1. Residues with beta-carbon under 14 Å from that of Thr61, excluding Thr61: net charge, scoring Lys, Arg +1 and Asp, Glu -1?
2. When the convex hull of the Cα atoms of the chain is projected onto a plane and the area is averaged over all directions, what value comes out in nm²?
3. Ignoring any ligand, DNA or RNA, what whole percent of the accessible area of the chain comes from carbon and sulfur when the probe is 1.4 angstrom?
4. How large is the helix-only mean residue ellipticity at 222 nm for the chain, computed as the sum of -39500 (n - 2.57) over DSSP H runs with n ≥ 4, divided by its residue count, in deg cm²/dmol to the nearest 500?
5. Measuring from a point 7 Å past the Cα of Leu90 along Cα-to-C-beta, which residues in segment 20-59 have an amide N at less than 15 Å?
6. Taking the Cα centre of the chain as origin, work out the dipole magnitude from +1 charges on Lys and Arg Cβ and -1 charges on Asp and Glu Cβ, in debye rounded to 20.
7. Relative to 2.2 N^0.38 Å, what does the C-alpha radius of gyration of segment 1-49 come to as a ratio? Two decimals please.
Amino acid sequence: VDKTGVKEAVDNQLKDFNRVLCSTLRKSAEADREKVDEFVKESLEALKVMPQSMEEFAEVTTRWGKVKDESGAIRDLKMQMEEKGRLLKLQAGSVLDTTELNRAWDDLEL
């Protein structure tokens, strides 16, 4: 009994499955990167505002509080994104570019 055809079919299905998994992982990591990047940009903008009146001060304080409240969840999301990037590098040999995001994140944490 020749099993070559079955082996080739199984190998092809495994390759296709791996390709789909890597593609899904990449899309998920990119979506996470976009969310983190959006948070960082909005947060940096909020932190740049220098209030000139009591009303502006109240508004800015609210925005700063929102940044502080959301930063923990976004930090977790960033860690998940980085883990997905490591998995992509191992499985697909591709790298998720987060250089600019990491630079902006560092600015935000200062």
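1. -1
2. 8.3
3. Percent of accessible area from carbon and sulfur atoms in the chain: 56.
4. Working: 3 runs with 95 residues, N = 110.
Helix contribution divided over all residues of the chain: -31500 deg cm²/dmol.
5. Counting only backbone N, you get 22, 25-26.
6. On the way: 19 positive and 24 negative charges, 119 e Å.
Its charge dipole is roughly 560 debye.
7. 2.21
The values are calculated or read from the model by the stated rules, or taken from the named source; none is laboratory data. Since the model is a prediction, treat every value here as computed from it, not as a measurement. A quick note on method: Cβ atoms are made from the backbone with ideal geometry, for glycine too, and the neighbour counts reach across all protein chains shown. Ligands, DNA and RNA are stripped out before the accessible areas are found, and what is left, the full protein with its side chains, is counted by its heavy atoms. Shrake-Rupley method; radii C 1.70, N 1.55, O 1.52, S 1.80 Å.
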